[in-house]
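Visitor: The structure that follows is given in the form of C-alpha cells.
Each value in this text was obtained by applying a stated rule to the coordinates, not by laboratory testing. It should be emphasised that the depicted structure is a prediction, and the values quoted were computed from it without experimental measurement. Ideal geometry is used to build each Cβ from the backbone, glycine not excepted, and the neighbour counts take in all protein chains shown.
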Amino acid sequence: MHVYSALFKLHLPSTSLKGKRGIVKSVLARARNNFNVATAEVDLQDIPGTAVLAFVTVSENKIYARSLLERLEEWLVEERPDLELVAVEIEER
C-alpha cells in the first residue's frame, strides 16, 4: 500500500475567519465527495486570507495515487478561480 499526501497553500478572498471557514469547509467537503480523499485544514487556521489544506489517499498503485492528487489540484484551479493556489507539495509517505 502507498500513502500519498498533498499540501495546498491557498490565498482566499476572505477578510474574516467566518468567511474563511465557509470557503474551506466547501472545498474540503467537495474534495472528499469527488475524489474520496481524507482532508483537513492543517495550518494557519487563525489567518483569514490564507489556508493550508491537506489531502491524503491510499492505493496499491503509486501512479494512480499521485495522479489522483494531481487531478484534485487541477480540479481546484478550474472549479474555484477565486482562490489563488500559492504552493503545492505532493509526496509519498
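Visitor: Kindly write out, for region 45-60 in residue order, the coupling ³J(HN,Hα) from the Karplus curve 6.51 cos²θ - 1.76 cosθ + 1.60 (θ = phi - 60°), rounded to whole Hz, with x marking Gly and Pro.
Guide: For region 45-60, the Karplus curve yields 5, 9, 10, x, x, 9, 9, 10, 10, 10, 10, 9, 9, 10, 8, 6 Hz.
Visitor: For the chain, with only Lys/Arg (+1) and Asp/Glu (-1) charged at the beta-carbon, what is the dipole magnitude about the Cα centre, in debye rounded to 20?
Guide: I would put it at about 360 debye.
Visitor: Which residue, chosen from 7, 64, 37, occupies the Cα position most advanced towards the positive end of the dipole of the chain, where the dipole is computed from +1 (Lys, Arg) and -1 (Asp, Glu) charges on Cβ about the Cα centre?
Guide: It is 37, whose Cα lies furthest towards the positive end.
Visitor: Now for a separate question. Just the Cα atoms of region 51-93, one point each, no solvent: what log10 I(q)/I(0) does Debye give at q = 0.23, 0.30 Å⁻¹?
Guide: Each listed q corresponds, in turn, to -0.84, -1.20.
Visitor: Could I ask something else about it? Could you list the residues of region 1-23 with an amide nitrogen less than 17 Å from a label point located 7 Å from the Cα of residue 33 in the Cα-to-C-beta direction?
Guide: 22-23
Visitor: Just from its helices, what would the mean residue ellipticity at 222 nm be for the chain, if runs of 4 or more DSSP H residues each count -39500 (n - 2.57) and the sum is divided by every residue, rounded to the nearest 500 deg cm²/dmol?
Guide: Using -39500 (n - 2.57) per qualifying helix, the result is -13500 deg cm²/dmol.
Visitor: Continuing with the same structure: Using the beta-carbon distance between residue 18 and residue 91 and R0 = 25 Å, what value does 1/(1 + (r/R0)^6) give for FRET efficiency, to the nearest 0.05?
Guide: According to the calculation, E is roughly 0.20.
Visitor: Which lysines does residue 62 reach when only Cα atoms under 30 Å apart count, and residues fewer than 8 places away in its own chain are ignored?
Guide: 9, 25
Visitor: Can you list, largest first and rounded to whole Å, the semi-axes you get for region 2-92 by taking the square root of 5 times each eigenvalue of its Cα gyration tensor?
Guide: Each semi-axis is √(5λ); the values are 23, 12, 11 Å.
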